[in-house]
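Student: My questions will all concern the structure given below.
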């Protein structure tokens with residue numbers, strides 16, 4: 001039995017009665033957090049491109065968008081909702097897999113759940129399954145997808161969405177296996193936005209969620225996909241990861257190890273890889289009389305994190321865009337020193353372009 005089949009054999013019949021209270025509460029907490037973030041995204045307009053495109057895609061009125069009474073097709077709703085949850089980069093993170101799980105799970109569970117008129121209990125059970133799928137696949141090769149230049153959220157997330165859809169639509173093991181096999185061909189999500197400061201990362205979770213739904217629907221119509229899509233010679237671990245994969249992370253302790261309980265909510269609306277540095281700075285912030293008093297700051301950063309939040313140095317010191325700043329450890333450290341806090345407004349473009357913060361950033 002392949003790893004995909006093992007996951008599905010466990011997850012397709014999973015009911016809330018099989019999920020401990022701790023895991024249920026964790027899933028509810030993260031889904032609620034995702035809804036809250038979508039409200040902020042609506043107010044800032046950061047996801048408007050995805051919302052506008054989703055509304056124009058057509059199809060049956062199956063699911064309402066987050067924060068909207070208009071119903072559109074489930075795949076289109078997932079596309080927009082993923083951008084709404086992930087748009088300000090404040091959504092939760094599973095550190096073991098370095099994935100933003102809710103930004104993929106919530107759109108698929110809510111959209112497909114509405115389309116089949118599922119109960120709240122069934123949607124929650126499907127979401128728990130989806131959380132386990134995305135986290136377990138990503139953590140099987142820690143930082144492996146990122147080291148290959150890919151966003152693990154989209155790579156692993158498309159399987160989560162396909163699994164959620166298969167579960168909520170009542171697919172059998174064979175069809176669901178095909179669904180995840182098909183989904184694997186949509187795994188991707190380039191990290192090249194780090195080079196230019198583009199906003200493509202905002203689109204990754206919604207794209208993964210939408211494509212997972214489409215994969216499951218294609219499987220339901222008879223399309224087939226490889227059962228070995230994870231571990232096969234041309235599966236995602238061999239094709240898309242720079243590091244070896246541990247399959248026991250995917251299928252081990254199913255039903256006893258709940259990765260959804262290991263997802264954490266972000267304290268800052270920026271890349272999690274620099275949050276430990278910001279936390280450390282907070283402990284001594286009251287000892288810094290003013291930004292002008294800072295001569296230099298040395299931050300010790302894990303080698304897996306440095307390429308993302310510290311390089312290239314010139315761009316990190318003087319970010320060009322809001323997204324540049326969200327992935328800049330020097331600039332975020334400087335902003336915390338200058339402002340005394342970090343909020344959603346910290347990364348507005350006008351804020352990012354302040355010379356006072358750039359001057360301090362150059363000393364980090």
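The values are calculated or read from the model by the stated rules, or taken from the named source; none is laboratory data. Predicted model only: the values in this text are computed from it and were never measured. Quick reminder, even Gly has a Cβ in these numbers, built from the backbone with ideal geometry, and neighbours come from all protein chains shown.
Student: Would you pick out the residues in the range 232-285 that are closer than 24 Å to residue 307 by Cα, more than 16 Å from the chain's Cα centre (by Cα), assigned to a helix (DSSP H, G or I) and touching a residue at least 60 places away in the same chain (Cβ under 8 Å)?
Tutor: 236, 237, 240, 278
Student: Could you tell me which residue of the range 312-326 is farthest from the chain's Cα centre (by Cα), considering only residues that are assigned to a loop (DSSP other than H, G, I, E, B) and surrounded by fewer than 22 Cβ atoms within 10 Å (Cβ to Cβ)? Steps first, answer last, please.
Tutor: Of all residues in the range 312-326, those assigned to a loop (DSSP other than H, G, I, E, B) come to 312, 318-321.
With the extra rule that they be surrounded by fewer than 22 Cβ atoms within 10 Å (Cβ to Cβ), the set shrinks to 312, 318, 320-321.
Working: 312: 24, 318: 26, 320: 23, 321: 21 Å.
Restricting to residues being assigned to a loop (DSSP other than H, G, I, E, B) and surrounded by fewer than 22 Cβ atoms within 10 Å (Cβ to Cβ), the top hit is 318.
Student: Restricting attention to the range 17-27, which residues are touching a helix residue (DSSP H, G or I) at 6+ places or on another chain (Cβ under 6 Å) and either loosely packed, with under 15 Cβ neighbours inside 10 Å or at pLDDT below 95 (or both)?
Tutor: Correct list: 22 only.
Student: Then there's this: Might you let me know whether the range 77-89 holds any residue that is within 27 Å of residue 276 (Cβ to Cβ) and surrounded by fewer than 20 Cβ atoms within 10 Å (Cβ to Cβ)?
Tutor: No, the conditions are met nowhere in the range 77-89.
Student: Out of the residues in the range 345-364 that are closer than 17 Å to residue 267 by Cβ and crowded, with 17+ Cβ neighbours inside 10 Å, state the one that is nearest to the chain's Cα centre (by Cα).
Tutor: Step one: list which residues in the range 345-364 are closer than 17 Å to residue 267 by Cβ, which gives 345-347.
Now restrict to residues that are crowded, with 17+ Cβ neighbours inside 10 Å: 346-347.
Details: 346: 21, 347: 19 Å.
It comes out as 347.
Student: If a residue has to be surrounded by fewer than 20 Cβ atoms within 10 Å (Cβ to Cβ), more than 25 Å from residue 25 (Cα to Cα) and assigned by TED's automatic domain parsing to the domain that holds residue 8 to count, how many in the range 244-287 make the cut?
Tutor: Summing the residues that are surrounded by fewer than 20 Cβ atoms within 10 Å (Cβ to Cβ), more than 25 Å from residue 25 (Cα to Cα) and assigned by TED's automatic domain parsing to the domain that holds residue 8 in the range 244-287 gives 4.
Student: Further question on the same structure: Is it the case that the range 199-221 has a residue that's assigned to a loop (DSSP other than H, G, I, E, B), farther than 13 Å from residue 4 by Cβ and touching a residue at least 12 places away in the same chain (Cβ under 8 Å)?
Tutor: So the first thing to find is which residues in the range 199-221 are assigned to a loop (DSSP other than H, G, I, E, B), and the list is 199, 221.
Now drop any that are not farther than 13 Å from residue 4 by Cβ, which leaves 199, 221.
Subsequent filtering for residues that are touching a residue at least 12 places away in the same chain (Cβ under 8 Å) retains 199.
Yes, the range 199-221 contains at least one residue that is assigned to a loop (DSSP other than H, G, I, E, B), farther than 13 Å from residue 4 by Cβ and touching a residue at least 12 places away in the same chain (Cβ under 8 Å).
Student: Moving to a separate point now. Are there any pairs with C-beta distances below 6 angstrom linking a residue in the range 81-92 that is outside any loop (DSSP other than H, G, I, E, B) to a residue that is modelled with pLDDT under 95 and surrounded by 24 or more Cβ atoms within 10 Å (Cβ to Cβ), with the two at least 6 apart or on different chains, and if so which?
Tutor: none
Student: It is to be established whether one or more residues within the range 33-47 are surrounded by 13 or more Cβ atoms within 10 Å (Cβ to Cβ) and farther than 21 Å from residue 101 by Cα.
Tutor: For the range 33-47, residues surrounded by 13 or more Cβ atoms within 10 Å (Cβ to Cβ) and farther than 21 Å from residue 101 by Cα: present.
Student: Only one of 159, 145 is under 17 Å from residue 217 (Cβ atoms) and either surrounded by fewer than 24 Cβ atoms within 10 Å (Cβ to Cβ) or out of contact with any strand residue (DSSP E or B) (no Cβ under 6 Å at 6 or more places or on another chain) (or both); which? Write out each step before concluding.
Tutor: On the way: 145 fails: under 17 Å from residue 217 (Cβ atoms).
159 is the lone residue from the list that is under 17 Å from residue 217 (Cβ atoms) and either surrounded by fewer than 24 Cβ atoms within 10 Å (Cβ to Cβ) or out of contact with any strand residue (DSSP E or B) (no Cβ under 6 Å at 6 or more places or on another chain) (or both).
Student: Tell me the residue from 47, 54 that is at pLDDT 95 or above and within 19 Å of residue 161 (Cα to Cα), please. Steps first, answer last, please.
Tutor: Values: 47 fails: within 19 Å of residue 161 (Cα to Cα).
When all the criteria are applied, what remains is 54.
Student: For residue 51, are the conditions met, namely being within 26 Å of residue 148 (Cβ to Cβ) and crowded, with 16+ Cβ neighbours inside 10 Å?
Tutor: Answer is no for this residue.
Student: Which residue pairs have Cβ atoms under 7 Å apart, sit 6 or more places apart or on different chains, and have a first residue in the range 330-343 that is at positive phi and not assigned by TED's automatic domain parsing to the domain that holds residue 296 and a second that is in a loop (DSSP other than H, G, I, E, B) and surrounded by 19 or more Cβ atoms within 10 Å (Cβ to Cβ)?
Tutor: Cβ pairs passing all conditions: none.
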